[in-house]
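Scroll down for the structure; my scribbles are underneath it.
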């Protein structure tokens, strides 16, 4: 039943929320799809192509939240970014090429439609070059190079996410349900995702505290606050995903959604926020999807607003009072630690929890070691990143833990 519930949730995911798919093992397509002109390599590399599924355009994104239906639609946005900060000292050509590469990869690696990736990895590099040479529409510098680089990457990579066609890729997701639970830092969790999101809440914080903060934030006009981030190229460019994430989540409707979702889930104001996400009694009170988009996104909003707010901002003081000024581990013990939310120390915690899953649990160790080393373990978020751990760091840890698991087996590490 849990697997069915998770599958239903995956089908309803917005492309901006979660990981995108690389199936090295491609699912069979319906006969009606096989005859579609959209299934040609030429259509894939033609900028104006719009993929349709179930009567709706298949969108892709830049920075996870800025969505497009075709690559041609993305080009004006990319051009606008090169002129966005006229007084800033920027390598504008490199910025544009980077966004073109991001757009192409996001177009190809879709959460909802396998056709673009299937087309790309079932053709040779020479065939791809020939198709790109036949494109008659206007394209920006770096367009052909982006397609060739994306093809080379995904012919030798496995995208590890919760609804991948490949079973090992699915199991390597933090969302993968662990029937027996996993013990981390003195508590049991349904998945590693449950731990990762719950630890963002201080042990003393209640759901009632979250309601107070949400009401405070909902009453505020966030446009001037966001404009300060938008206008500073040195701040925006390294944190583009975080800024777009906040723009999406700081609307009054979205803040109200968090309040409504707690009510719908039957979460009481008196409950402890961290403990509510732990396995206490019946497993899977919240599935991994709910951990990410409810508990995780809300915690990320609070932590990021604290980090990006001026020191004299009243909301920063309010957030610090509720301990959203860092990540608190082992509180009340001699091993107590406080980690910065955007810090190498917090990000390295991902590797530590994977040691428990992949080194101490034989069934997961067997899965990760079954994937040949010549296949790079990867992870893609529809050109999103992650406020807490950037994708390149995540991918580095994932490949590192496989190398560790391939060493001499041990029951403890």
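The numbers here are math on the coordinates, done by the rules we state, and not lab data. These figures come from a predicted structure and were not determined experimentally. Cβ atoms come from the backbone with ideal geometry, glycine included; neighbour counts cover every protein chain shown.
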Between residue 180 and residue 211, how high is the FRET efficiency from 1/(1 + (r/R0)^6) when r is the Cβ-Cβ distance and R₀ = 41 Å? Nearest 0.05.
0.75
Mean-position separation - Cα centroids, the stretch 205-233 and the stretch 342-384, in angstrom
33 Å
What is the chain's relative contact order, in percent, from Cα pairs under 8 angstrom and six or more apart in sequence?
21 percent
Extension gain from residue 374 to residue 91, taking 0.36 nm per residue of separation minus the Cα-Cα distance
98.4 nm
Protection proxy (average C-beta count within 10 Å per residue), highest first, orders 54-63, 380-389 as 380-389, 54-63
Based on alpha-carbon centroids, what's the gap between the stretch 88-103 and the stretch 272-330 in Å, whole number please?
33 Å
What percent of all Cα-Cα pairs in the stretch 99-245 falls in each 5 Å bin, counting up from 0?
2, 7, 10, 11, 12, 13, 14, 13, 9, 6, 3, 1, 0
Please give the FRET efficiency for residue 165 paired with residue 220, using the beta carbon to beta carbon distance and R0 = 41 Å, rounded to the nearest 0.05.
0.40
Would you mind checking the tilt of helix 297-308 against the longest principal axis of the Cα atoms of the chain, expressed as 0 to 90 degrees and rounded to 10?
90 degrees
Just subtract the alpha-carbon distance of residue 264 and residue 348 from 0.36 nm times their residue separation and send over the number in nm, one decimal.
26.8 nm
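Based on the inverse mean of 1/r over its pairs of different Cα atoms, what is the Kirkwood hydrodynamic radius of the chain, in Å?
By the Kirkwood definition, the hydrodynamic radius is 22.8 Å.
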